[in-house]
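Enquirer: Just dropping this structure here.
The values are calculated or read from the model by the stated rules, or taken from the named source; none is laboratory data. Small disclaimer: the values here were computed from a predicted structure and weren't measured. Glycine also receives a Cβ, built like all others from the backbone with ideal geometry; neighbour counts cover every protein chain displayed.
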Amino acid sequence: MDKDQIPSVAEVLGQGDSQIIGITGSPTTTIKITIDIKEESKLGRILGQMVHFVVEEDRQKILVVGQVISIETQNRWHEDSTFKGVIRLHGKLPHLSGRADNRIAEISVQATYSIVVGSHSEARMLGTSPSTGIEVRKMSNQLMAALMKTYDNDVTYMGHVYGTEVHMPFWFRHFGKNDPAPEGRRGAGDAHHIGVFGKSGSGKSVTAAYMLMGYAKNSKYMNILVLDPQKQFSLNKDLPNGLDLEVKVRGYGMEFKKYSMLDDLCLPGSEHELFSSLLMKKGFIRRGFGITTEDKDLAASIAIASYLSHRYEVSEGKRCDLNRMNTNYSQSLMEETLGKFIENSGDNEYMRMVYAKGTFRDDKVRIIKEVLDSEDKRNSLYAQYWAPVMQYFMATKTDGTGRKTIDDIVDEIADPNKGGRFIVLDISSEKEPLISENVRALFVRLIEERIKRAGEECYAEGKRLNCLIVLDEAHRFISSESDDPQIKSFTKGIIDSVRTTRKYGIGYMFITQTIESLDKEILQQTRIFAFGYGLTLGTEIRVISNIVNNEAAIQLYRSFIDPSSTNRYPFMFYGSVSPLSFTGSPLFLEVYTDPADFK
Ligand SMILES: Nc1ncnc2c1ncn2[C@@H]1O[C@H](COP(=O)(O)OP(=O)(O)O)[C@@H](O)[C@H]1O
Ligand SMILES: [Mg+2]
């Protein structure tokens with residue numbers, strides 16, 4: 001509908017044709033309101049409904065909007081001890097059971113607006129708790145449209161109010177200033193972190209995709225980087241039929257790019273330890289040194305890394321930058337490295353890291369010599385074990401095409417002067433068994449560190465980035481309890497980052513199956529929460545209760561049904577995600593199953 005044709009709030013309310021579900025009751029505060037349910041509406045679905053009513057304050061009409069988050073049946077006869085005997089005898093109370101029931105609902109107030117005839121409605125807070133006896137009506141799409149008229153450009157629709165057909169407005173604002181510039185987009189004024197939680201299959205990635213489409217409306221005002229370990233965003237995999245992230249993002253005027261680790265991106269050229277650990281996994285050391293035990297394998301891998309990084313450092317990055325290798329140099333580097341282990345064979349600092357002395361060492365020296373002395377052996381060791389690892393580090397592939405480095409990606413994302421880039425980085429590398437979770441964690445950590453550094457530099461120059469970094473399946477990379485050194489160090493780094501990067505204009509979105517996996521520190525820094533189905537176990541629900549701090553809302557969240565049996569994807573949102581959530585009450589939503597509804 002054309003914006004001018006949307007009737008005003010006063011007009012919609014004047015028509016008075018939305019269903020009355022009850023009247024305000026007692027007790028009631030400015031944010032939590034009890035309503036007595038009317039007889040006729042008892043049988044209809046009430047839980048989750050968005051409702052509204054009008055109060056008068058300082059001779060001004062104020063519209064109150066809230067969501068029903070709990071319902072209780074009361075029948076005082078059933079609570080009376082003398083009647084309990086009758087119930088036991090008859091199974092119920094004749095004439096009283098059912099008929100004398102009262103139903104009370106609790107609504108949490110989402111937003112209040114002053115209604116000015118002939119003008120748009122202003123958001124404001126209630127000055128006092130509403131009186132009892134005021135008619136409470138169901139929210140309609142018509143009234144919602146009237147309310148959102150002023151926010152129209154900023155609002156995104158990605159689902160229905162829980163259990164209803166009413167479209168729920170959201171806003172996904174960039175992290176810049178909140179200037180209502182004529183043709184600009186309002187920012188949130190600040191960067192913030194976002195958490196999307198829920199069991200596997202609860203619809204997190206799909207919901208996050210919708211949220212990102214909402215963020216993409218900010219087009220040139222922000223940059224977005226999605227780290228995609230399941231290819232869900234890169235391939236539109238397992239997204240509802242017809243949801244095409246790329247098409248949408250481009251449609252909003254953002255540049256959409258997809259890169260895949262290993263194919264389009266090289267591994268970091270100064271990570272010699274990563275290189276040598278991959279060599280070890282590939283079997284280079286067993287073959288080249290004739291080593292057969294795990295501890296010696298590891299010791300030799302550390303020795304290789306220390307040789308390469310030593311050379312890198314003394315040449316100030318000119319030598320042994322693995323990104324700058326070509327085939328010739330790569331093979332001669334292999335030979336040189338092996339040679340390093342046998343020179344001055346009596347006392348060789350690198351060999352000493354593996355074997356102090358003795359026949360084992362002499363044996364390995366002999367094997368390395370044999371390899372180096374035979375062109376065939378050298379070539380086959382190179383082709384089978386060294387080259388396949390080195391190829392992932394080379395910025396120029398063997399077919400001559402180029403690969404981007406981590407710095408290239410960071411330059412595209414962390415650019416204070418240019419927004420409008422949406423980059424999806426496929427870090428699945430499913431075809432290459434060498435690339436374990438641990439390598440992915442290292443990769444993600446390096447990207448994260450460099451973006452943070454770029455943010456820091458901009459900040460020092462008085463500029464801010466405006467970028468969102470999305471990490472799907474974050475529990476795989478972030479865990480304070482993990483023994484894996486890469487995951488440990490990424491976790492430590494990210495905890496430090498969430499504290500500091502907001503002021504640089506960098507926000508994170510973590511999508512994760514377990515809320516516990518995110519450190520308390522991270523949760524404290526998170527501003528927007530989306531909770532999908534299934535986090536109802538003890539510790540998890542306790543963490544959620546601490547965040548949301550609303551018993552009735554937690555009960556409603558617990559009543560969510562597994563989407564795999566209903567094809568409905570309910571979420572509880574908490575934080576500043578909607579023009580309707582300015583009181584800070586959680587919002588309950590069912591994410592659209594038809595992407596055509598997304599607006
Ligand atoms: N809003 C939705 N509409 C339709 N299908 C959905 C919706 N959300 C999730 N699904 C489907 O449910 C499955 C799991 O969703 P996904 O987002 O991958 O879950 P998670 O990331 O929580 O594991 C996928 O097959 C997906 O297509
Ligand atoms: Mg997922």
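Enquirer: Test of understanding: among I6, I87, I20, which residue is touching a strand residue (DSSP E or B) at 6+ places or on another chain (Cβ under 6 Å) and either surrounded by fewer than 13 Cβ atoms within 10 Å (Cβ to Cβ) or not hydroxyl-bearing (S, T, Y) (or both)?
Expert: Within the list I6, I87, I20, the selection yields I20.
Enquirer: For the stretch 27-45, name all the residues that are farther than 14 Å from S108 by Cβ and surrounded by 13 or more Cβ atoms within 10 Å (Cβ to Cβ).
Expert: Correct list: D36, I37, K38, S41, K42.
Enquirer: Mind listing just one residue for me: the one in the stretch 447-466 that is hydrophobic (A, V, I, L, M, F, W, C) and within 18 Å of Y259 (Cα to Cα) and, of those, nearest to ligand 2 (Cβ to nearest atom)?
Expert: I447
Enquirer: Let me spell it out: the conditions are (1) in contact with a His (Cβ under 8 Å, 6 or more places away or on another chain); (2) in a loop (DSSP other than H, G, I, E, B), and D238 meets all of them except one. Which number is the exception?
Expert: D238 satisfies every listed condition except (1).
Enquirer: Moving on. Looking at E516, E590, which one is over 23 Å from W171 (Cα atoms), away from ligand 2 (no atom under 16 Å from the Cβ) and not polar (S, T, N, Q)?
Expert: E516
Enquirer: Hey, which of the strands (runs of 3 or more DSSP E) in the stretch 520-596, taking only ones fully inside, have at least 3 residues that are of a type outside the set (A, V, I, L, M, F, W, C)?
Expert: In the stretch 520-596, 526-532, 570-575 are the strands (runs of 3 or more DSSP E) which contain 3 or more residues that are of a type outside the set (A, V, I, L, M, F, W, C).
Enquirer: Picking from Y210, Y259, which residue would you name as being hydroxyl-bearing (S, T, Y), within 16 Å of ligand 1 (Cβ to nearest atom) and either more than 28 Å from R403 (Cα to Cα) or in contact (Cβ under 8 Å) with a residue 60 or more places away in the chain (or both)?
Expert: Y210
Enquirer: State the number of residues belonging to the stretch 374-392 that are within 18 Å of R286 (Cα to Cα) and loosely packed, with under 14 Cβ neighbours inside 10 Å.
Expert: Final tally of qualifying residues: 6.
Enquirer: Which condition breaks for C320 when tested against (1) in contact (Cβ under 8 Å) with a residue 40 or more places away in the chain; (2) assigned to a helix (DSSP H, G or I)?
Expert: (2)
Enquirer: Of all residues being of a type in the set (A, V, I, L, M, F, W, C) and within 11 Å of F422 (Cα to Cα) in the stretch 245-283, which is modelled with the lowest pLDDT? Just the residue, please.
Expert: Ranking the qualifying residues of the stretch 245-283, first place goes to L245.
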